[in-house]
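Throughout, read-outs are computed from the coordinates displayed, never taken from laboratory work. This is a predicted model, so every value here is computed, not measured. Note that we place each Cβ from the backbone using ideal geometry, even for glycine, and neighbour counts take in every protein chain shown.
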Amino acid sequence: MLKALRGTKDILPADVALWRKIESSARDIFALYDYKEIRTPVMEEASLFIRSIGTATDIVQKEMYVFSDRAERSIALRPEATASIVRAYLENSLGQEKAVTKLFYIGPMFRSERPQKGRQRQFHQLGVEAIGSDNPLLDVEVISLAVRIMRELGIKDFNLNINSLGCRKDKARIIEKYRKAIKSRLDSLCGECRERYKKNVLRIFDCKNPGCGKVVEGIESGGFLCDDCAAHFESVKKGLSSVGINFIIDPRIVRGLDYYTKTVFEITQKDLGAKDAICAGGRYNNLIEEMGGKDTPAVGFAFGMERMILSLEKENASEEPGMDVFLAVTGQGMLDKAFHMMIDLRGRGLSCDIDYNEKSLKAQMRMAEKLRAGSVVIFGEDEIKKGKISLRDMGKREQKEVDIRDAAREILAIKSGTTSERGNT
Ligand code: ATP
Ligand code: MG
């Protein structure tokens, strides 16, 4: 039998409730902060990501799905959204409407990495980009938005870790400093990190190998930010404290993607293991200019949705809501009658279904139970002759005969009864 590709997963109807809960909570919060949704294509010219993310990154070197299309164009499945959004921002002149363009996205991303818990080849991200200001309060807004999503969903035991990479010059200085500090201990690094040492020393900090972690652990940090960037970082920290957000300053957060400048941050969560972040983001003040736009500062983040699900699953075995009515039939010609009532009830906004295979009444009642129907209408030959149906209130376990013309009204009464009872608990 054919199976889903390794590293990809079906999100089945039973799981969808939790996905929708995350999406709808996030959407509500995005609206409060005035972020508008953008949906960009899942495929782009490969060069878009190579230029923006950087050639010496794991994403571009090892993880990106790149293929030639029929016209021999080099196409990539998007590994992340920031580059696509900046492309769309420039291509559609989105910056003209508001001083700061605030966008959010929810969708699948693709990276060819070794699948494991919380790590897939097709995974999903939910994130924002705020384009058009270098004000540290915008960093605070973006971080507080991420924290608000965590809190709203009830994800506990998380840490916000922040750092600043400074401007272009500062970043060059920190890279130089790290190269000097690591040079004498190159032998303790894994083969990959020795390559990283040559091309992108910052990536060593992202290495999941504990040996490499030890090498960079002791390196003294700080003191490399210019006055401007140091003041910016101070304001971000002050702003976070002023809105009651706790954070940990962690100089090892470097975000290996080339485009990051100044503030970078990660949110980690206890259930995911030490090295896996649930959310990551930061400033990318040079990217838009590098991609051919005007000098435009920006800041954003991305949540990994599979990791949100992992953090939520224990507390939230949330269920899809049950249906309003199930229509059961017993006897010749009843399915046709029930079918027409069902269409009428749906027209009135009641959710309902029927057993098209006309199994036994007992089997139909079991199905109604399983579907958590609020009420069941039973069509029986004898009752129909009298213009009546049986109506069972599944919550109260009471059944009565009602005139077929009153059925919809009675069902609605049961529904509002059930809803108000549920509301009280
Ligand atoms: P990691 O260090 O875990 O590989 P990353 O630095 O590659 O993460 P980002 O590119 O910053 O991750 O993506 C932001 C978020 O997207 C991550 O914090 C994580 O929650 C999620 N994410 C990244 N890659 C995957 C993946 N392959 N499967 C599931 N979620 C992922
Ligand atoms: Mg990664």
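Things to note:
- Once you reduce region 136-185 and region 57-100 to the center of their Cα atoms, the two points are 23 Å from each other.
- Segment residue 157-residue 231, extension gain: residue separation times 0.36 nm, minus the distance between their alpha carbons: 23.6 nm
- If R0 equals 22 Å, the separation of the Cβ atoms of residue 398 and residue 366 corresponds to a calculated FRET efficiency of about 0.75.
- Listed by chain and number, the lysines whose C-alpha is less than 21 Å from the C-alpha of residue 385, apart from same-chain residues fewer than 8 away, are 337, 400.
- Descending by average beta-carbon neighbour count within 10 Å, the peptides 187-195, 167-175, 127-135 line up as 127-135, 167-175, 187-195, the highest first.
- Shape metrics for the chain, restricted to C-alpha atoms - Rg then Dmax, Å: 28.0, 95
- Remark: the residue 98-residue 42 segment gains 17.5 nm on full extension, using 0.36 nm per residue and subtracting the alpha carbon distance.
- Computed [θ] at 222 nm, deg cm²/dmol, the chain (DSSP H ≥ 4; -39,500 (n - 2.57); rounded to nearest 500): -12000 deg cm²/dmol
- A straight Cα-to-Cα reach below 15 Å connects residue 415 with the aspartates and glutamates 324, 393, 398, 406, residues fewer than 8 places away in its own chain not being considered.
- The protection proxy used here, the mean number of other Cβ atoms lying within 10 Å of each residue, ranks peptides 92-101, 295-304, 43-52 as follows, highest first: 295-304, 43-52, 92-101.
- Listed peptides 387-396, 20-29 by packing density, highest first (mean Cβ within 10 Å): 387-396, 20-29
- Ignoring aspartates and glutamates fewer than eight residues from residue 98 along the same chain, the ones with Cα atoms less than 19 angstrom from its Cα are 34, 37, 129, 134, 139, 141, 289, 295.
- DSSP beta bridge pairing in region 325-413, given as percent antiparallel to the nearest 5: 55 percent
- Helices meeting the span-like rule in the chain (full DSSP H runs, Cα extent of at least 18 Å along the helix axis, mean Kyte-Doolittle score of 1.0 or higher): 136-153.
- Cα-based convex hull volume of region 325-413 per residue, rounded to whole Å³: 86 Å³
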